[in-house]
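Reading through the structure tokens given below for one structure.
Every read-out reported here was derived from the displayed coordinates using simple, explicitly stated rules and does not represent laboratory data. It should be emphasised that the depicted structure is a prediction, and the values quoted were computed from it without experimental measurement. Note that we place each Cβ from the backbone using ideal geometry, even for glycine, and neighbour counts take in every protein chain shown.
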Amino acid sequence: RLNGWASPKDVILKLAGILTVKGGTNAVIEYFGEGASSLSATGKATICNMGAEVGATTSVFPFDDEMDRYLCATGREEIAVLARANAACLKADPEVEADPETYYDRIIDINLSELEPYLNGPFTPDAACPVSEFAEKVKKNGYPQRMEVGLIGSCTNSSYQDLSRAASLARQVKAKGLKMAAPLIINPGSEQVYCTLKRDGMIADFEAVGGVIMTNACGPCIGQWKRETDDPARPNSIVTSFNRNFAKRADGNPNTHAFVASPEIAMAFAIAGDLCFNPLTDTLVASNGERVKLDPPVGETLPVDGFTVDDNGYVAPSADGGKVEVSIRPDSRRLQKLEPFAPWDGNDFLEMPLLIKTQGKCTTDHISMAGPWLRFRGHLENISDNMLMGAVNAFNRQTNRVWNRLSGAYEAVSAVAKQYKARGISSIVVAEENYGEGSSREHAAMEPRYLNVRVILAKSFARIHETNLKKQGMLALTFRNKEDYDKVQEHDRISVLGLNQFAPGKPLYVVLKHQDGTTETFEALHTYNEMQIRWFKAGSALNTIRAKE
């Protein structure tokens, strides 16, 4: 059972350190054991939410009383009744629990009673470090010790329980004569959570210590905030309760060292303003000069008086969608009607120019940056201007500079892709491991598709992004032999053969035609099933749905 400063977030932060960002790829993570039932439903959701950061196909907990309570508290009693009736099917069988080593590929034991808070980062969510060792890590690596912003909420760690525990620390700031040493920004998880927190006085608790309450959205997690800083070129540190901390993700600044922690730890570090502070053991100086220690955070799993909401903002769709007309101003730069992608023409992809061969980590942030670009999320043409601008070109070690076959010059990735598209030329992207790691940003798949990139050939894919590519009618392939990545040259023309026999489990063939006229051929693998192959042939998953109407 968790105690003190430890939270459900620390379970997945510790696990990320064990598995790394790709250690869960093609696997299901199933949590079980006596500690599982002690975690709240929203705590379990936090753990499962961040399972994507280790590449897991999915993460599951057995159905229990905490889930039952949550379903009933959120107006889903019918689901709770159904789940209770089938509870035996929603947990591991008795023989599995009795002898798990026989049934699972790998067993990882985490003792909740001994678990301490973790801080992961910077620049990758699997750089895990327990808080007791964090100060040493900061000093050893020369990370900026001053903690400049604390950020809480977004898609995870924004539940009533999370924010009520953080609010208990906010109340201690005033009660113990302390002051916030760093700005605090809070993103409630939903309008319902916000309204309930406001009714119960917790929004006022945050505001009383200078906390800024942002809208119920992703917010700073994807760069949606105006970062106040005296010098963008200066290395700095922030602590967030988000899932991802890639370079430039939170504020567009490559010099920002973002560390991922629980809301409680992010709050404590904002109070202290010092990455070498350990709230479990260290004291702070109060306004009267006395040294005081923060008490462990406390909070309710669910609101005692139930949830409340003034207006959840939901507008029911028309019963007859065929009569709905979407009107968009012709000169709008933020909205654009999404036109269907063209279906596959029945031919192999022949002699495509290489658009970019990426080197190292290439996350969805590298493929489709957030921040100021988010205003174009409804305009595919405009947001495509950021395509792969953060990816490192393996041939010149630069970002957003690739060789243009048409001009012989180096230009922005999207600019080259647009020129190819204008001439009806398809292109290909080659990448290394875990391509598309990060958030399930569909624009990272839609933009290459829109700019006529037909194939992504990688050493491996992040699971969510691979599926997103498939949904957009893209061809997501992996090297059978990863060493073949090294054979791809900057001026190659690349063909993908065997598409007329495209079938589950059947490899395709890649032919490299080098500038000197020589060729090399190797196998490429895929994970498409019959339905996903239909998506490819139709041009996208949406096209197959549209064809059934």
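Got a sec to turn the phi values of segment 332-346 into Karplus ³J(HN,Hα) couplings, 6.51 cos²θ - 1.76 cosθ + 1.60 with θ = phi - 60°, whole Hz, x for Gly and Pro?
Rounded to whole hertz, the list is 5, 9, 10, 10, 8, 5, 7, 8, x, 6, 5, x, 4, 8, x.
Based on the Cβ-Cβ distance of ARG106 and LYS548, what FRET efficiency does E = 1/(1 + (r/R0)^6) give at R0 = 56 Å, to the nearest 0.05?
Working: r = 41 Å, r/R0 = 0.73.
My answer for the efficiency is 0.85.
Can you pull the one-decimal nm distance between simple spin-label points at ARG329 and LEU497, each 7 Å off the Cα toward Cβ?
5.3 nm
Give me the lysines in straight-line cross-link reach of LYS537: C-alpha distance below 17 Å, same-chain residues under 8 apart excluded.
LYS470, LYS471, LYS506, LYS548
In cubic angstrom, how much convex hull volume per residue do the alpha carbon atoms of segment 435-549 span? Numbers along the way, then the final one.
Working: hull volume 12.8 nm³, N = 115.
Looking at segment 435-549, the number lands at 111 Å³ per residue.
Select from THR156, GLY177, SER190 the residue farthest towards the positive end of the dipole of segment 109-193; place +1 on Cβ of Lys and Arg, -1 on Cβ of Asp and Glu, and compute about the Cα centre.
GLY177
Sum -39500 (n - 2.57) across every DSSP H segment of at least 4 residues in the chain, then divide by the residue count to get the 222 nm mean residue ellipticity, nearest 500.
-7500 deg cm²/dmol
Could you calculate the FRET efficiency of GLU77 with ALA319 from 1/(1 + (r/R0)^6), where r is the beta carbon distance between them and R0 is 25 Å, rounded to 0.05?
E(calc), rounded to 0.05, equals 0.45.
Once the Cβ-Cβ distance between LEU90 and LEU525 is put in as r, and R0 is 41 Å, what FRET efficiency do you end up with, to the nearest 0.05?
Working: r = 34 Å, r/R0 = 0.83.
Between LEU90 and LEU525 the formula returns 0.75.
Run through segment 1-86 and list the trypsin sites (Lys or Arg not before Pro) located in a DSSP loop whose Cβ has at most 15 other Cβ atoms within 10 Å.
Details: sites: ARG1, LYS9, LYS14, LYS22, LYS44, ARG69, ARG76, ARG84; in loops: ARG1, LYS22, ARG76.
Sites meeting the loop and neighbour criteria: ARG1, ARG76.
Restricting the count to DSSP beta bridges whose residues both fall in the chain, what percent are antiparallel, rounded to a multiple of 5?
Values: 28 of 60 bridges.
Rounded to the nearest five, the antiparallel share is 45 percent.
Calculate, in nm to one decimal, what ASN396 and GLU133 gain on full extension: separation in residues at 0.36 nm each, minus their alpha carbon distance.
On the way: separation 263, 0.36 × 263 = 94.68 nm, distance 3.81 nm.
My answer for the length gained is 90.9 nm.
Which of rounded, prolate or oblate describes segment 1-115 when judged by the alpha-carbon gyration tensor and an a/c cut-off of 1.5? Before the final figure, lay out the partial values.
On the way: a/c = 1.58, a/b = 1.30, b/c = 1.21.
It comes out prolate by the Cα gyration axes.
Please list the non-local residues whose amide H lies under 5 Å from the amide H of THR308, H modeled 1.01 Å from N, same-chain partners needing a gap of 5 or more.
Result for THR308 returns THR196.
Go from 0 up to the bin containing the longest alpha carbon distance in the chain, width 10 Å each, and give me the % of pairs per bin.
Calculated P(r), rounded to whole percents: 3, 16, 25, 25, 19, 9, 2, 0.
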